[in-house]
Every structure is written in structure tokens, then in C-alpha cells.
Amino acid sequence: MKATKNKEQDKTMNETTRRFARLVDLSAVQATSTEADVRACAELSTRYNIISVHVLPCWTRFLSTLLPQQGTGEVMIGGPVGFPGGGHATDTKVQEVRQLIADGAREVDMVVNIGKVLSGDYDYVREDLRRVVDAAAPVPAKVILETHYLNEEQIRRVCDIAVEVGMKWVKTSTGWAPTGATVEKVSIIADQLKGRIDIKGAGGDSRSGNGARPVPAWRPPLWHEPWRGHKGAG
């Protein structure tokens with residue numbers, strides 16, 4: 001009887017692990033991320049069938065060699081654009097997108113131009129996002145807001161622009177700012193998007209001393225219904 005119960009518990013745990021893995025991305029996108037970190041992400045993602053791995057652009061092609069089933073398997077490669085500050089010229093971001101896709105990326109995470117948002121230049125922000133979406137298509141694109149630096153009005157404006165230009169997700173953070181996906185900021189995003197596109201929560205509190213290691217990020221409904229879709233990494 002006890003053995004049967006243990007088997008049932010193991011089965012439940014295995015299913016829970018499998019489902020959780022499809023809600024998590026791994027990333028090694030810090031300045032100090034090394035080849036060992038990239039290998040660790042690849043190994044963990046393969047072992048647990050994690051949905052996506054994100055690395056800095058210089059590692060994208062290398063990561064693709066560690067995930068030989070890329071394109072036919074279930075682990076996607078993601079890459080950052082305009083990372084981490086968003087201040088790259090739009091033409092540079094477009095070239096980054098093309099290079100990432102050529103190197104094996106199957107989703108791209110673009111950092112919004114934070115300075116332009118803070119300056120209120122939403123026409124620039126709209127064109128910046130639109131051109132990245134167009135360059136990436138049909139590969140899906142996310143926009144990273146870096147919510148630590150934005151107030152509520154700014155978050156809401158960029159969310160609306162993201163929907164308008166065809167972004168597939170709004171992502172909270174890069175993992176480089178002092179704070180990442182807080183309940184307050186994710187709630188603002190969810191309220192503004194109202195399920196029109198998905199939300200990806202990423203980044204914790206860098207002041208906690210977590211150090212440089214593969215970092216999980218989240219994709220779907222952990223908090224409430226509007227936070228739906230698959231969550232992500234980095």
C-alpha cells in the first residue's frame with residue numbers, strides 16, 4: 001500500500017516538474033556570464049525540457065551547437081536586443097535581430113529605449129518597437145520595459161504601443177536593474193494589457209546577492225488570469 005502511494009506521489013511530482021519546466025526560461029545574460037554558464041543552461045534545459053534558454057548574443061551560435069534539436073526539439077533559443085539599456089540606435093537593433101536569428105534564436109527580447117520613454121518621446125519608441133517586430137517576423141518578439149525605472153503612466157503607454165506594433169509579450173525586466181518583476185509593476189502591466197498579449201516576469205532583487213548563475217524567468221498564470229501565456233527567461 002505504501003509503495004503504491006509513493007509511486008503515485010512520484011508520478012504527481014514528475015508531472016508537476018514537467019509542467020513547471022514549460023513555464024520557465026533560463027538565462028545567462030550577465031556581463032560575467034561564461035561558457036560554463038551557457039553550458040549549464042543547455043544541460044538543465046535539456047534535462048528538464050525547459051521551454052527556452054537566453055544568452056548574450058556572442059553565445060547564441062555556441063548555444064545552438066549544444067541544443068542539436070533546435071528547430072525540431074522543444075527547447076528554444078532566445079536572444080536579447082539592445083541589451084541591457086535599450087539605447088542602441090534602431091538600425092543597430094534591427095541588425096542584432098537579424099544576426100540572432102541567423103545564429104539560431106527563435107525568439108527575441110528587445111529592451112525599450114528607456115531614455116526615450118523617460119523623455120516622453122513615444123513616437124520614437126513606437127517606431128523602434130515596430131521595426132524590431134518587422135525585422136524579427138515570423139520569429140516572435142518581446143519588449144522589455146525595465147520597470148524599475150518607469151512610473152505607472154510610462155508602463156501603461158509602452159504596453160499599449162507594444163500591442164499596437166505586434167509584440168507578442170511584454171517583459172518586466174532585464175535582470176540588470178536593482179529590482180525586477182514586483183507584484184505592483186506586474187499588476188499594472190496586467191491591468192493595461194487585459195489579456196491582449198502575454199506577460200513575462202523576469203528578474204528579482206539584485207541586492208539579495210544571488211550572484212551570476214543561470215537565472216529562471218517566468219511565463220504564465222501564476223498570479224491571476226490576465227497573466228497568461230508562457231513566461232520567459234532572463
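The values are calculated or read from the model by the stated rules, or taken from the named source; none is laboratory data. Every value quoted in this text rests on a predicted model; they were computed, and no experiment measured them. All Cβ positions, glycine included, derive from the backbone under ideal geometry; neighbour counts span all protein chains shown.
Within the set of pairs 6 or more residues apart or between chains, which connect a residue that is more than 20 Å from Gly115 (Cβ to Cβ) and at pLDDT 95 or above inside the stretch 80-104 to a residue that is surrounded by 14 or more Cβ atoms within 10 Å (Cβ to Cβ) and aromatic (Phe, Trp, Tyr) with Cβ atoms less than 9 Å apart?
From the stretch 80-104, the pairs are Asp103/Phe62.
Pro178 is checked against (1) at pLDDT below 95; (2) more than 15 Å from the chain's Cα centre (by Cα); (3) buried (at least 17 other Cβ atoms within 10 Å of the Cβ) and fails just one. What number does that condition carry?
For Pro178, the exception is condition (3).
Residue pairs, Cβ under 7 Å, 6 or more apart or interchain, first in the stretch 35-57 and at positive phi, second in a helix (DSSP H, G or I) and of a type in the set (Gly, Ala, Ser). List them.
From residues that are at positive phi, the pairs are Asn49/Ala21.
Just for the stretch 163-196: of the residues that are of a type in the set (D, E, K, R) and touching a Pro at 6+ places or on another chain (Cβ under 8 Å), which one is nearest to Val125 (Cα to Cα)?
This residue is Lys168.
Which one is farthest from the chain's Cα centre (by Cα) among residues in the stretch 141-157 that are outside any helix (DSSP H, G or I) and within 17 Å of Val183 (Cα to Cα)?
Filtering the stretch 141-157 for residues that are outside any helix (DSSP H, G or I) and within 17 Å of Val183 (Cα to Cα), the one farthest from the chain's Cα centre (by Cα) comes out as Asn151.
Of the residues that make up the stretch 88-109, is at least one closer than 22 Å to Thr182 by Cβ and within 18 Å of the chain's Cα centre (by Cα)?
Yes, the stretch 88-109 contains a residue that is closer than 22 Å to Thr182 by Cβ and within 18 Å of the chain's Cα centre (by Cα).
Suppose the filter is of a type outside the set (Val, Ile, Thr), touching a residue at least 24 places away in the same chain (Cβ under 8 Å), outside any helix (DSSP H, G or I) and within 19 Å of Lys171 (Cβ to Cβ); does Asp128 pass it?
Judged against the criteria, Asp128 is not a match.
Looking only at the stretch 158-190, how many residues end up being of a type outside the set (Lys, Arg) and assigned to a loop (DSSP other than H, G, I, E, B)?
The number of residues fulfilling the criteria is 12.
Would you mind telling me which numbered condition in (1) touching a strand residue (DSSP E or B) at 6+ places or on another chain (Cβ under 9 Å); (2) assigned to a helix (DSSP H, G or I) Pro84 fails?
Failed condition: (2).
I need every pair where a residue in the stretch 113-124 that is at pLDDT 95 or above has its Cβ under 6 Å from the Cβ of a residue that is surrounded by 15 or more Cβ atoms within 10 Å (Cβ to Cβ) and not in a helix (DSSP H, G or I), sequence separation at least 6 or different chains.
From residues that are at pLDDT 95 or above, the pairs are Asn113/Gly86; Ile114/Gly86; Ile114/Glu146.
Matching residues to (1) within 16 Å of Ile77 (Cβ to Cβ); (2) buried (at least 17 other Cβ atoms within 10 Å of the Cβ); (3) modelled with pLDDT under 95:
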| site | (1), (2), (3) |
| --- | --- |
| Thr16 | no, no, yes |
| Phe20 | no, no, yes |
| Leu26 | yes, yes, yes |
| Val29 | yes, yes, yes |
| Cys41 | yes, yes, yes |
| Asn49 | yes, no, yes |
| Leu56 | yes, yes, no |
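If you go through the stretch 35-65 one residue at a time, how many are polar (S, T, N, Q) and farther than 19 Å from Gly104 by Cα?
0
Answer with yes or no whether Val29 is in contact (Cβ under 8 Å) with a residue 12 or more places away in the chain and in contact with a helix residue (DSSP H, G or I) (Cβ under 8 Å, 6 or more places away or on another chain).
No, not satisfied.
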